[in-house]
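The structure appears right after this line, and notes come after that.
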Amino acid sequence: MNVLKNIRVSMKFLLVFSTIILLITAGLLYSLWNARSLKGEIDSIYNISLLSIDYLIEADRDAYQSSIAASQALNRINSRSGDVMRDGKTIAKDLKELNTNLEQVKTRFNKFRDLYKTAHSAQHEAFGAFDSHYEVIVKLTGLLEGRIKAGDADAVERLYFSQYLPAFDQMRGAMDTLTDLSLEDAKAEYQSAQANYRQVLLNTIVLIVFMIAALATAGIILTRLITGPASMGVDLAQRMSGGDFTQKISLEQKDEFGVLAGALNSFMDTMNSLLKNISQVAGEVATSSEEMSATAESFADNAQSQAATVEEITSTVEEITASGESIFTMAKKQMDLSGKVRNEMEELYTIVSRAGENMGLAMEIRDSLNRVVEKTKGEIDETRQVILKSTSKFKDVKDTVEIIEDISEQINLLSLNAAIEAARAGEHGRGFAVVADEIGKLADNTSSNLKSINSMFAASSAEMGKASEQLEVFITSLNEMIRHIADFGLKIDAVVALARQDLELNQVARKSLEDVLAEAENILTATGEQKNALEEVSKSITSINDLTQNNASGAEQLSGSTENVASMIEELRSTLGFFRV
């Protein structure tokens, strides 16, 4: 968990979802391999066991029909009136049917023998018994054919009942033995297929449970790794929007969230320092403004007094000189204070400009975070498409199972036809009927198991659909986080606008201060001239009176300017009161 905290967010998603995709792919490949193995066993049951039993049953049927043909030929000899029977069949036709069926017995039995060899390394002793008795029957058939053609009914009857029927029964007994062996093999293959199916079902259930647990675990881990830092960022943004710059984010991570937390903490420190400096400078400017206002008022009072005592200047040159010295000193002090205020306003302008630059950096961080979240959203969409493709693969497997189910239905029809043929054969087809019944049961069991497989694949498809829906919910959460980041950007834009407004006010204050300095220089120049021209004061009372009036007017303007500066400083301090540092 601690290792994941230090990995980039995109790499976290890549690692987690790559692992999930590998697990899903491995599960699908394992299911396909098991389905192929199960299909191979079913094909073996049909292509070897069922077909071999079918050939053996057909050979038994042909043997039975050859026996019937021999019996009919014997009956024709015993009851014929002329060369042709009353039903239109001749003895020659019976003999031809006898030989044809006997040849078909050998042909179909050999097909059965070939299929049996593909599944067994050694032959059963019943094959030897069949071959020996078949050769005997072939020889006896030749003898029967010769005696039938000779018309010796007694000899034919003795040969048929004493030798032909016993050999025929022994040959069919060997075939019955092989039929039982084939049924046992088919049963064993069916039981093996059932066992493999149960194992495949168990393995698939375990795999699905494991995959669900892996998906749930990955979802919980990713949710905690993303929502935790995001919640901290949202809380900090809300506190900043309320003017609280006293809190920081405690997040020890090296991913994008850790970088963002460090940047926000640095931004908080910068804002704290900036706001403290602005507050301090505003206090100093307010103090200087008050002093300047008091000086301006004092200067105005002195100018008025000077105007009132112009008439006494001629007799009190010493007093005028002293007043001139006082005015010169006050003007110089005014210029010094104005210069100090100008320097402080320049420093305030620099601080506010830096604040604007820091706000620009914060906006760049916000844009970077937006790009990272958008990229994460795109990767989640790709993962959802992979899950949809996996669901399509489940549908292909389902189609394969449906094909196997069609084969099972065909086997069921084959068993029904075999049962009908056994019913037609009567007593001799009883063993054939048992085989047909077993085949029908096998087909029914196969169909039932295939339906269970279909149900299992349907459940798997449903679970994959749920996983896709969970990813949709996660995308919605990411969209919500994008919205919060946008809100955070709006707050930063508001702070930037406030900083720009402060710069504009600062420029206005600087312009007013330049006016004050200009007036102070005028006053200083005037008082200097007054000091240097004290000898001519008595001759220029009128000029001095005019100059005094000008000084009074300048003092009033200076007083108004200082009051304006004081008002702006109070407004700035009121604005700074919104922030907590």
Just to check I understand the Karplus step: with θ = phi - 60° and J = 6.51 cos²θ - 1.76 cosθ + 1.60, what whole-Hz values come out for region 112-126, glycine and proline as x? 4, 4, 4, 5, 5, 5, 5, 9, 10, 7, 10, 8, 7, 5, 5
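Net charge around Val281, counting only other residues with Cβ within less than 10 Å of its Cβ (Lys, Arg = +1; Asp, Glu = -1)? Provide the component values of the computation, followed by the final result.
On the way: positive: Lys276; negative: Glu284, Glu344, Glu347.
Net of charged neighbours comes to -2.
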Listed residue pairs exceeding 28 Å between alpha carbons, taken from Lys333/Lys511; Lys106/Lys149; Lys117/Lys451: Lys117/Lys451
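If Lys and Arg each add +1 and Asp and Glu each add -1, what is the summed charge of the other residues whose beta carbon sits under 9 Å from the beta carbon of Phe17?
Net of charged neighbours comes to -2.
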Percentage, to the nearest whole number, of Cα pairs in region 98-251 over 29 Å apart: 59
Which cross-chain or sequence-distant (5 or more) residues have an amide H under 5 Å from the amide H of Asp244, H modelled 1.01 Å from N in plane? Arg580
In order through region 215-221: 3J(HN,Hα) via Karplus (6.51 cos²θ - 1.76 cosθ + 1.60), integer Hz, x for Gly, Pro: 5, 5, 4, 4, x, 5, 5
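Values in this text are rule-based calculations from the coordinates and carry no lab data. In this text, all values refer to a predicted model and were calculated from it rather than measured experimentally. Positions of Cβ are backbone-derived with ideal geometry, glycine not excepted, and every protein chain shown enters the neighbour counts.
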